[in-house]
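Quick note: the coordinates plus some simple rules give every number you see, no bench work behind them. Just so we're clear, the structure is a prediction, and the values are computed from it rather than from any experiment. When we count neighbours, we look across all protein chains shown, and the Cβ atoms used for this are built from the backbone with ideal geometry, even at glycine.
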């Protein structure tokens, strides 16, 4: 599954799932641009990529802002070359009851997840079209499949929209040699989960109820991503892979 000669752009790559994906793709031979609001975290991840013998670039950008994304892509092209692989991982999570939800909270959730994927895909697609080869992987969530739970209406809506975006874009760009797929993780042990305030008791309960008796780790998702962006996955597009330990069947 060599990605030698390919340039990957991973949004939200400073920590959690995005960080693991950056490292996994570098081990497969890709050069990696790490995009994140957290500049210092992106720089640390880029350094890890370089320690694996690959070229890397850390870029600070807000995926919800089209100009910020365009500037980031220009920097990636200057330093690493054309983008062949895009992983839309940048995301946020919070718990808020629907009737207490402010419009700004709703708008921000949609902007980061849905507009973010839109901005990044639109900016990267010309490179993939020119190469007649490309891979786009959008990070959804099992919440986009099952509705999540109380306090997650805005999050589940955004993640469900990503699935629709994935399927529609796959149909449009497939003839150009570009595949588009989604990963819908179950509960994964990441800094974002803890920042969102998920109680440790809830995490343990979900692990106990899972058929595999554990919660996921970022490498579980990175492994799925590495397959989807590989040459071996050329016949896979418009699909949703859900590594969730059997919590959602």
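Tabulated values for the structure
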item	result
Cα centroid separation - segment 1-47 against segment 170-226, whole Å	17
Angle between the chain longest axis and helix 153-173 axis [Cα atoms, degrees, rounded to 10]	30
Measure of compaction for segment 7-241 (Cα Rg per 2.2 N^0.38 Å)	0.96
Per-peptide average of other Cβ atoms within 10 Å, ordering 208-217, 97-106, 60-69, 133-142 highest first	133-142, 60-69, 208-217, 97-106
Within a Gaussian network of the chain (alpha carbon springs, distance under 10 Å), most fluctuating of 157, 190, 179	190
Rounded to 10°, Cα long-axis angle of helix 16-27 versus longest principal axis of the chain	30
Residue order, fewest to most surrounding Cβ atoms within 10 angstrom, among 173, 59	173, 59
Relative contact order (%) - criterion: Cα under 8 Å, at least six apart; region: the chain	20
Helix axis angle, 116-131 relative to the chain longest principal axis, alpha carbon, degrees	30
Relative contact order [Cα under 8 Å, 6+ residues apart], segment 47-103, whole percent	22
Relative packing of peptides 42-50, 146-154 - highest average C-beta neighbours within 10 Å first	42-50, 146-154
